[in-house]
Every structure is written in structure tokens, then in C-alpha cells.
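Encoded as C-alpha cells, the structure appears first; notes follow it.
The values are calculated or read from the model by the stated rules, or taken from the named source; none is laboratory data. All values derive from a computational prediction rather than experimental measurement. Quick reminder, even Gly has a Cβ in these numbers, built from the backbone with ideal geometry, and neighbours come from all protein chains shown.
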Amino acid sequence: MKALLITLVIVSIIANVIYNKLVKLRNQVKNAWAQIDVQLKRRHDLIPNLVETVKGYMAHERQTLEAVIQARQQAVNISAAGNIEETAKMESMLSQTLKSLFAVSENYPDLKANSNFAALQEEITSTENKISFARQFYNDSVMLFNTALEVFPNNIFASIFDFENEKYFEITEAEEKEAPKVSF
Amino acid sequence: MWQQIDSNKRNSLILITVIAMIMFSVGYVLGEFFQSGDGILGVGIAAVIWIFMCITGFFFGGNIVLAFNNAKKIGPDDHKLLYNVVEEMKIASGLERMPDIYIINSPVPNAFATGRSPAKSAVAVTTKLLTLLNREELQGVIAHEISHIINRDTLYLTMAGIMIGVISLLADISLNGVLDIVGDAPVERTSSKDENSVVTIIFYVAGIILMLIAPLLGRLLYFAISRKREYLADACAVQFTRYPQGLAKALEKLAIGNYNIPRSFDKITSAMCIVNPLETTGKKKIFPDLLSSHPPIQDRIKILRSMLNGDLSSYDSAYSQVTKQDLNIETTPVSPVNIIQNAVQNQFSAVDNMRQTTNMIWAMNNYIFIECDCGTKLKIPPEYTDIEINCPHCSKAHYVS
């Protein structure tokens, strides 16, 4: 009888430890997801400044500029709606248009000398990097959480406590994996 | 990543316990020498000294190192590039608080990290490093420093370093005293029992040997931990940036040698720098220095260059190949997705880089900036007291505010 009691106590302690660890990891995942949104919003705010700075110099690149503004607007609208896959797609398209914009700006030496443009370019580059790193960190958190769910003692408790695997952030469309094509 | 930290925390604790045992043994032996039976008192005194020095080290240690190097703290607007690079690494590593960023005005390239916990940490970079490296290389270096912070290296190495200090202190001061006592002892303390005197003599001899060896042993352990930690920091840096070539290129640029910020680091405190400030040449030594706080830079570069992916297990296998030893990083597979990388690589221009850095230093030192109509930017030091100054190119007069 006593042995049974001791076993029960030990098992419940183990269950407690595992549960707490899983909760911490899951919250880390949720936080990491929210952090991506922070960076995306930052990019949305920066882009109008970029376009203003560039407009004077790149008067005949109207198509490229309009593509950027349109992509940004779409991304803002879709992220407000809340659909995760659609948001990811729109944000990827926005990244593509920004890349084209910077590629085209290489043709304008006056623009490159403008210190405002250089500062903005650094800011946009940094923002893109931060978005990438935020996604990377999100994926790393998901990996840690999923691993913690699947290793041996934890997987027994995971189903009891109703923990589920989280999804990785992945690129769904093949064309987004390619570098942007810029033709003059 | 966190599992990584756990297992290495464990190993560090074990090694530090060993160093602590050495320290307490020295204290015990000392106590026994001065007053037989007072071994415990000796241990107590050693512990008190250590705790006192730890408190000083933890609460003021980081600030002392920074002040000693004349480091200036910068805000988000002082050097946008550096701030952005550090912020990106903060995001990639999940650090809870943005570290304080300091710049040291120095002609040698180096960087270091301090801080007893991720919640209170600092990163310092020299101006020469800023002008020497481009964005991705700088990012590799910063990732390495942030890895030190995340892996709590600053905490462990500070504690171990302080213990070494206590061991050396006790051993140095008391070795003379011990030899004095031993010189007189066998005659006076020999009791009627012969076995007793033999034991006593053995005890004294063992004690002297311990005093001589303990500091050396402690140092060997410390530098072994320190070297392994450097490799681990390299591995974690690659895990954060997913770009081993960045750090490899930075180390190649740094491998020329002579990173000594004069008189501001000693052997123990140099552990937190990216390259060993006490090393004067980057060439590979025939017999690697067991008392060096950093592994040979050529090895570090080789490992980074031979990695196929940017994760810990890749670093582990590259390390085994290059050094024919095991690093035993507890490796976990890295997330499988290739993420959209940087939008644009800024063109790296050494001149622009240098100009930006020196402008920032002058701004922090209260220089006055005046733009002339001919396009020249005048930078006037605070010592200039005249009302007017003439542009060196077009001779137009400007009012100095």
C-alpha cells in the first residue's frame, strides 16, 4: 500500500515538472509568433517613407513604385483580416517587390548618394533581416516544443494534458523561393 | 538551444566544483599548517574571501571592465548599423532584453561581452572592428558575443576566474609562511611516536606540493573551460545567423594578429573577447598553448569554413574532423525551413564605413558639424574657440555656434 502511494507521489511530481516545461515552451512559441507581427508592422510603417524619398529620383519607375505601394496595402488589409496563410503569402510578395525596388535603384547614382535613401535602405534591410530572424526564432521555438512533446516520458503526458504539435512557418509557393528577376 | 545550455551548465558546474575543491583544500592545508586542527577555519577563510570577491565581481565586474577600457555607451541613434545588427541578433537568439552597446575608441579590432545574466548584459566593440568588418561579418562577431551571454559564460568564467584568484592569493602569500614552519617543524613537533612524525612529514610535503600545483591546476582547468566555451560560442553564433561564412570571414580578417587593447585585459579577463587580446600573432603555433584562453584562430576558421549547414550538429562534425577530438555538443536538429534571407546586401565601402564611425565618435565628443555650400562638411573640435572658421576648400567663412 505504501509502495503504491510513493509511486503515485513520484509520478505526480514528474507529471508536474513535465507539464510546466511544456507550458513554458508553448508560450515561447506563441510569443515568437507575435514577435513576427511586430516586425511586419514595422515594415508597413517604413515603406511609405521609402517611397517618398525615392519618388523624386525615380520618376519614370512608376510601375515599380506602384507595385510596392499596392503590395503593402494588400498585406496590411490581409493581416487585419487575420488569416495566417494569406498573410504569409502577402508578406512574401511584399518582400519580392521591395527586392525589385532596391535592385532598380542601383541604376540611379544620384539616389544612392542621398543620405536619406542610404539610411532608409539600411532600415529596410534591417527590417527584412529582423523579420527573417523572428521567423527563424519562431521555427526554433516550434522545434523545441515539438521535440519536448515527442520524447519519451513526455509523450505519455502530452496526450493526457491535451498538447498538440505546432506548425512550422513554411513557404508554400515554389516561386517565392526564387530570386527576383529584374529586367531593364 | 536551451537544452544546449542545460547540459553545458551542468558540465561547467562540475568543473567549477573541482576548482572549488582545490580552493578549499588549499584553505584547509593552510589552516592545518598554522594551527593544527584549524583546517576548517582555513576553509572558512577561503570561502569568505571568495564570497566577498564574487559579490564585487558580480555586481561591479562588468562595469569595471568597461570603464577600464573607456567604453562609451551608445544609444539607438548613435550608430544605426551596429544597433540594428545587435537587435537582429537579439531577436534570433531570443534574448529577453536588448544588451547595452558600448564602443571603445581603439586602433585594434576586438569585441567582448560582459554581464552576469541575460537580463543585465553588455556588448562592447572597438572602432577599428567597426571599420574593418562589413555587415554580415559584424553580425557574426555580435552573434558570438551574444552566445557568450546566452550560455552564461560570463557568469561561469567570472566565478571560476575569481576562484583562481583566491587560490593564487592564498598559495602565494602562504607558501613562504609554510616553508618557514616546515623548516622548524620536524624537530619541534616530533612526538614520541615515530609513525606520527612520518605522517606529519608526508602531510607537510603534500601540502607544499599542493600549494605549488594548485594555482597551475586551477589555471589549466580554467583555460580548458574557456577554450571549449569559445568553440561553443562559435557554434551558437552560427546557429543564430545560419551563415558560418560571415563569422569565418570576420575571423580571417582578424587573424592578422595583435588585438591587444593596451593593459586593459589580463589572462583571466580576456576570456570574453572574440580574439585573444594577449596574442600578438595569428600564426599557428607548433605546440598549442595550454594556458591560452582562446583556441587557435586558424582552427576556428577551418571549422567554420568546412560546415555544410548552419546548425550545431554540423559544427560538431566539422569540429571532430578538424581537431580529431570530440566537442560533444548535445546537438538537436535545427528547424528545417529555408527562410527568406536579407533583402539587400549593402555595398561595403571601407571609406564610407570609416567616415561613418569617426563621425559618430566626433559627435559623441562634442564636435561641431558645419556644412559648407561647396559640399564640404566641416568638423570642428570643441577646443576651437574662435567665432569664425574658413572652409579649407572654398575659404568661405562660417560662424561657429
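Determine whether B:Ile45 is among the β-branched types (Val, Ile, Thr) and either free of Cβ contacts under 8 Å to residues at least 40 places away in the same chain or more than 14 Å from chain A (Cβ to nearest Cβ) (or both). Yes.
Taken over the stretch A:1-57, the criterion of being among the hydroxyl-bearing types (Ser, Thr, Tyr) and either within 18 Å of the chain's Cα centre (by Cα) or within 22 Å of A:Ile131 (Cβ to Cβ) (or both) is satisfied by A:Thr53 alone.
Looking across the stretch A:98-144 at every residue that is among the aliphatic types (A, V, I, L, M) and within 17 Å of B:Asn84 (Cβ to Cβ), the one that is surrounded by the fewest Cβ atoms within 10 Å (Cβ to Cβ) is identified as A:Ala119.
Residues that are surrounded by fewer than 19 Cβ atoms within 10 Å (Cβ to Cβ), closer than 25 Å to B:Val29 by Cα and modelled with pLDDT under 70 are absent from the stretch B:149-168 altogether. Across the stretch B:64-80, the qualifying residues are those that are free of Cβ contacts under 8 Å to residues at least 12 places away in the same chain and within 18 Å of the chain's Cα centre (by Cα), and the one among them that is nearest to the other protein chains (Cβ to nearest Cβ) is B:Ala67.
Applying a threshold of 6 Å to beta carbon distances and a minimum spacing of six or more residues, or different chains, the list of pairs starting in the stretch A:117-133 at a residue that is touching a residue at least 12 places away in the same chain (Cβ under 8 Å) and within 15 Å of B:His79 (Cα to Cα) and ending at one that is of a type in the set (Ser, Thr, Tyr) and in a helix (DSSP H, G or I) reads A:Leu120/A:Thr53.
Residues in the stretch B:1-57 that are of a type in the set (S, T, N, Q) and modelled with pLDDT under 75: B:Gln3, B:Gln4, B:Ser7, B:Asn8, B:Asn11, B:Ser12, B:Gln35, B:Ser36.
Within the stretch B:144-165, residues that are under 16 Å from B:Tyr222 (Cβ atoms) and among the small types (Gly, Ala, Ser) reach partners that are outside any helix (DSSP H, G or I) and modelled with pLDDT under 75 with beta carbons closer than 6 Å, at six or more positions or on different chains, in the pairs B:Gly161/B:Ile268. Checking B:Ser335, B:Ser293, B:Ser314 one by one, the residue that is within 29 Å of A:Phe133 (Cα to Cα), surrounded by 14 or more Cβ atoms within 10 Å (Cβ to Cβ), of a type in the set (S, T, N, Q) and modelled with pLDDT of 70 or more is B:Ser314 and no other.
Just one of the listed residues (A:Asn20, A:Asn31, A:Asn27) is closer than 20 Å to A:Phe145 by Cα and loosely packed, with under 11 Cβ neighbours inside 10 Å, namely A:Asn20.
Table: residues versus (1) at pLDDT 80 or above; (2) assigned to a helix (DSSP H, G or I); (3) within 30 Å of A:Ile131 (Cβ to Cβ).
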{"residue": "B:Ala206", "(1), (2), (3)": "no, yes, no"}
{"residue": "B:Pro215", "(1), (2), (3)": "no, yes, no"}
{"residue": "B:Lys228", "(1), (2), (3)": "yes, yes, no"}
{"residue": "B:Leu232", "(1), (2), (3)": "yes, yes, yes"}
{"residue": "B:Ala237", "(1), (2), (3)": "yes, yes, yes"}
{"residue": "B:Leu247", "(1), (2), (3)": "yes, yes, yes"}
{"residue": "B:Ala250", "(1), (2), (3)": "yes, yes, yes"}
{"residue": "B:Asn260", "(1), (2), (3)": "no, no, no"}
{"residue": "B:Phe265", "(1), (2), (3)": "no, no, no"}
